[in-house]
Each structure stands twice: as C-alpha cells, then as structure tokens.
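One structure below.
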Amino acid sequence: MPPPPLRNAPQLITYVDRLAGDLVGLSEVMRGPFGGAFGGTHLLPFFPPIDGSDAGFDPIDHTQVDPRLGGWAEVGALGEDFEIMADLIVNHVSSESEPFQDWLEKGEASEFHGMFLTRDMIFPDGATDEELAAIYRPRPWPPFTTYEVAGVPTEVWTTFTSEQIDIDVYHPAGWAYLMTVLDRLSENGVKLVRLDAVGYAIKERGTTCFMLPACFEFISQLRTESHKRGMHLLVEIHSYFGFQMEVASRVDFVYDFALPPLVLHALHACDAEPLRHWLDIRPTNCVTVLDTHDGIGVVDVAPEGDKPGLLEPAQVDALVEAMHDASEDRSRESTGAAASNLDLYQVNGTYFEALGSDDAAQIISRLIQVFSPGIPQIYYAGLLAAPNDMALLRRTGVGRDINRPYHSSESLEAELERPVVRSLLHLLRWRTSESALFDGAFTVGDTAPERLVMRWEQEGRSAELRVDLADRTYEVDVDGVIVTSVDDLHIG
C-alpha cells in the first residue's frame, strides 16, 4: 500500500547548519522569512558528524541527529508543518562508525564480520586489469583502501573516499543496518527517503558495478520497506538519460538531472529545442532541481557510446565552457583535477554564477523549473542567488564547497534584501499557492529555437509561461491576466 501523495509544492534543499545554525533556527527561517514559499524540505545529512570527510554523507551513526543541530524532537517539530525528506545513505558508512571499528579490532570474531565489502569478496582469485578498469566510479582513484583488520592488511571497498566504507547490503548485518535507519526516519516523521549512492551498492565481477540488474530488485525491496513505514522513495542517480527513464518506471520518484544543463544550454545558446524535446519525453514522476549540494551534471545530457544524448558532443563541450566563462573561470578552480573530492561528471559551481550572475536569467531558470512537471526542490544557495564561495573552497580544498556556503543570521538577513531573492521567494509562494493547478494537464509549445512556451490547464484554469531566450524576457499568463514580472503574480 503506497503512502499518501506528497504535496506538489516547492521544497527547500539545505544543510541545516550552513543556512540556519541548527534545527530550531531552520524552523524559524522556514516559518518566518521563507514563510509560504515551501511545502517541505530536504534536510541534507544531519547525522553525526555533519562536518566529516563528505559533509555528512559519511555517517558515524546514521540513526542519530548531530547534537550540534538538535535532536529527533526538533526534526519532528519541523515535520508538523513541512514534509521532511531525508537521506538513506545506502552504499557506505564512516570508517569511524562503531560497527567498522569493531570489525577492525576483532576481525572474524566481530558480529559485523561480513557487513563490509572487501576486494576478495568480489574477486576471490584476483582481478584482471580489464575487470578493474570496467568498474564505474565517481572519483578518479581506485575504489579500494587497505585497512588492518585484526592485524591483517585487507583491501576494503571505498567507492567514494577512503573514509567511506562500502556495505555488503546482502549480508544480514548490512540489511539489518539499513532497516534500522528506515525505522528511525519513519518514527520521526520523514515522508520522503532519498536513496543516496544506491547505484553503487551492488557489486558483481565482470561488470561495471554500477546500477546492475540486481540493483533494481534491491531498490524494489527498499521501496517496499519504505512504503510499509509510510514513506515514499526517491532515487538519486547521475547517468545517461535513457537509463534514468528506465529507472523512473520502477520507483516512486527520480530526479530530473537533465533539466539543469538543458536550461543552461537554452539560456547560453538561445536554443530551446533540446529542452523542449526533453519536456516532451521525460518521466512525470520527477523531483526537479537546478542545483543541489553536488555539482552541475553533464553526463545526464551527454551521449553514451554510440547512443545519442540530449545534447550533441559539441553542445556539451560548449556548455561546459559557457559555464566556466560565465563564472569568469572561478568554477575551473573547483572542477576536474583542480579539486579534491573530485567528481568526474560534474562542474562545481553555483547555478547563479553558471548563469553569469544575471538576475533575469536566474528568474527565468526558476520559472522554467517550477513550470516543469514534478515537485520542485530549490537548493538554499540557488534560492539566495549565491556567488561561488572561493574563500571556503580555498580553505577546505573540497571542490563542491564552492557551492556550499555558510550563513550567519546577519548574512542571511542581508541576502533576503536583494531584489532577486525577494522575487524568487514571491515566485515560490505563488507556485505553492497554485499547487492544484500544477496537477493538471501540461503541454509545451512554440517551435522557434529562441522561444519556449509551457502551459498548464486544470478545470477551466490555466497558467502559461512564455520565454524569449534571446533577450531574456518572459511573461506569465494566469487565467488571462498577463504579468511581465514575477513580483506581480497574484498569490491566492
């Protein structure tokens, strides 16, 4: 039995500490200056430690709230007014976690023996260079790290970083661990579970070890268990768009990761055709984003082998260069070989700078997002039209920190006074107030490359967005009333 439907209203994606200090502060922000703009929030990992090797995606204890943020009571209090989304980090735990430390000490005598993947478990008689080269990985280094297990050097699977230890999800202890986390999330009011790194969770010899057929069955099992606990499931996968469409048919929700680069291409190249084509064929059970805590994906629109992408290779190359040029090359300092914690398929930088720090482009891009079918999620740095945080990047050396700024109450107050931020909040309040309209029938119109028309109709009502990419202007027609500024949209 699936859980009750989620609200079709914008959700805020945020690190609790980086936006509002703690959960009480976030509750005050959501109900105060952000009031009326959001129906829910994705709380990026709030488990201890929030400041580990991967900003919370390396939990020492996935069942607890980092006490610096508050506790489960504060999560539940926020959930009284907002639908909460939280991460189930499927693939790995921190090397500092109690189960892994127990195994390091006791080896085969540990109750957690078998919970963690070793290289020998997949390659018992060794691996060829070809087999190792075939493993799909998000980082450029080998996916193994040597640890001393009860005094014996052992190569352990570490897909992401050497501090993130891969779980054997088939092992009883691994499965029990994941179920314990689901229990804790459901007990505290979480409505939507995001499967982080699930595509890497199943490893088989002679394969890419990424989104294998067995992974679909594993996701189905997690979906069943989530539904039992009253929660929906969202799958997070960066991959070829055709594969994303296949995944979408098997899950509750999937991210529309093709939308961010296609919107950027439309605005930089004044070419709406690839975006229009995607809007015609994409899945409908999407969570839409333009930016997240990660970089801006490219693999999601690129060709794969001899299979065509949503953009041609030359268009992909041009888009990447356009993003770097728009940021005056600041994003080059955080992308590729320039960055630690390297992503092979993303450009690191804020979406606002990828748009050339252009207020008009910022509003148009968000209009396209909220008019696209699906539940829109707005990342806090995107909401605040943030520039690239070069000081944080240079302090940490972590490429994605360029798009993960910290705010004090004073800096947040200053950001909220900027016209572009105030306009975006008004747009989101309008979209939230019109949730029912965006459950209607959707069509895409106009065939001119430089123009885009998106229309919704529901029970005699309509809303139509008309964008001229060449001069970066737009108009919104709601039930025959036309406005040329989102500030003039009527909030019902």
- Within region 293-308, considering residues that are within 14 Å of the chain's Cα centre (by Cα) and of a type in the set (Asp, Glu), the one nearest to PHE46 (Cα to Cα): ASP294
- Query: Is it the case that some residue within region 484-491 is modelled with pLDDT of 95 or more, in a strand (DSSP E or B) and not assigned by TED's automatic domain parsing to the domain that holds VAL29?
  - Reply: no
- Could you say which residue among PRO49, PRO5, PRO99 is over 18 Å from the mean Cα position of the chain (by Cα) and within 23 Å of VAL370 (Cβ to Cβ)? PRO5
- Note on the structure: In region 440-483, residues that are more than 17 Å from ALA361 (Cα to Cα) and of a type in the set (Phe, Trp, Tyr) total 2
- Message: Which residue is surrounded by the most Cβ atoms within 10 Å (Cβ to Cβ), if the candidates are limited to region 297-331 and must be touching a Ser or Thr at 6+ places or on another chain (Cβ under 9 Å) and among the hydrophobic types (A, V, I, L, M, F, W, C)?
- Response: MET323
- Query: Does at least one position in region 38-57 carry a residue that is in contact with a strand residue (DSSP E or B) (Cβ under 8 Å, 6 or more places away or on another chain), charged (D, E, K, R) and surrounded by 20 or more Cβ atoms within 10 Å (Cβ to Cβ)?
  - Reply: no
- In the list LEU195, LEU275, LEU212, which residue meets the criterion of being surrounded by 15 or more Cβ atoms within 10 Å (Cβ to Cβ), free of Cβ contacts under 8 Å to residues at least 40 places away in the same chain and not polar (S, T, N, Q)? LEU212
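Residue by residue, here is whether (1) modelled with pLDDT of 90 or more; (2) charged (D, E, K, R); (3) touching a Phe, Trp or Tyr at 6+ places or on another chain (Cβ under 6 Å) holds:
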residue	(1), (2), (3)
PRO313	yes, no, no
LEU319	yes, no, no
GLN346	no, no, no
PHE352	yes, no, no
SER357	yes, no, no
ILE364	yes, no, yes
- Query: If we only count helices (runs of 4 or more DSSP H) wholly inside region 342-396, which ones have 2 or more residues that are more than 17 Å from HIS426 (Cα to Cα) and in contact with a helix residue (DSSP H, G or I) (Cβ under 9 Å, 6 or more places away or on another chain)?
  - Reply: 351-354, 390-396
- Query: Which of the residues belonging to region 5-33 are in a loop (DSSP other than H, G, I, E, B), free of Cβ contacts under 8 Å to residues at least 60 places away in the same chain and under 26 Å from ALA436 (Cβ atoms)?
  - Reply: PRO5, GLY32
- Query: touching a His at 6+ places or on another chain (Cβ under 6 Å) and without any contact (Cβ under 8 Å) to a residue 60 or more places away in the chain, is that true of PHE116?
  - Reply: no
- Residue satisfying condition, being modelled with pLDDT of 95 or more, surrounded by fewer than 21 Cβ atoms within 10 Å (Cβ to Cβ) and hydrophobic (A, V, I, L, M, F, W, C), within set LEU424, LEU437, LEU428: LEU437
- Test: residue in region 379-391 that is crowded, with 20+ Cβ neighbours inside 10 Å, among the aromatic types (Phe, Trp, Tyr) and closer than 20 Å to LEU469 by Cβ: no
- Message: Considering only residues that are touching a residue at least 60 places away in the same chain (Cβ under 8 Å) and surrounded by 13 or more Cβ atoms within 10 Å (Cβ to Cβ), which ones fall in region 128-142?
- Response: GLU131, ALA134, ILE135, TYR136, ARG137, PRO138, ARG139
- Quick one: in region 121-164, which of the residues that are out of contact with any strand residue (DSSP E or B) (no Cβ under 7 Å at 6 or more places or on another chain) and either of a type in the set (D, E, K, R) or assigned by TED's automatic domain parsing to the domain that holds THR335 (or both) is nearest to ARG205 (Cα to Cα)? GLU131
- Message: charged (D, E, K, R) and closer than 29 Å to TRP157 by Cβ: is that true of GLU273 in this structure?
- Response: no
- Message: So, in region 109-127, exactly how many residues are crowded, with 17+ Cβ neighbours inside 10 Å and at positive phi?
- Response: 1
- Query: Any idea which residue in region 45-61 is farthest from ARG404 (Cα to Cα), counting only those that are touching a residue at least 60 places away in the same chain (Cβ under 8 Å) and in contact with a Ser or Thr (Cβ under 8 Å, 6 or more places away or on another chain)?
  - Reply: ASP58
- Within region 203-223, is even one residue β-branched (Val, Ile, Thr), outside the structural domain of PRO124 (by TED's automatic domain parsing), farther than 30 Å from LEU311 by Cα and under 22 Å from the mean Cα position of the chain (by Cα)? no
- Item | Search result, residues across region 345-371 that are polar (S, T, N, Q) and either without any contact (Cβ under 8 Å) to a residue 40 or more places away in the chain or within 21 Å of ALA470 (Cβ to Cβ) (or both) | SER357, GLN362, SER365, GLN369
- Scanning region 58-108 for residues that are crowded, with 22+ Cβ neighbours inside 10 Å and acidic (Asp, Glu) gives ASP58, ASP66, ASP87
- Count, please, the residues in region 433-477 that happen to be assigned to a loop (DSSP other than H, G, I, E, B), of a type in the set (A, V, I, L, M, F, W, C) and closer than 23 Å to ALA269 by Cα. 3
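The values are calculated or read from the model by the stated rules, or taken from the named source; none is laboratory data. This structure is a prediction, so every number in the text was calculated from the model and none was measured. All Cβ positions, even for glycine, are placed from backbone atoms using ideal geometry, and neighbour counts span all protein chains on display.
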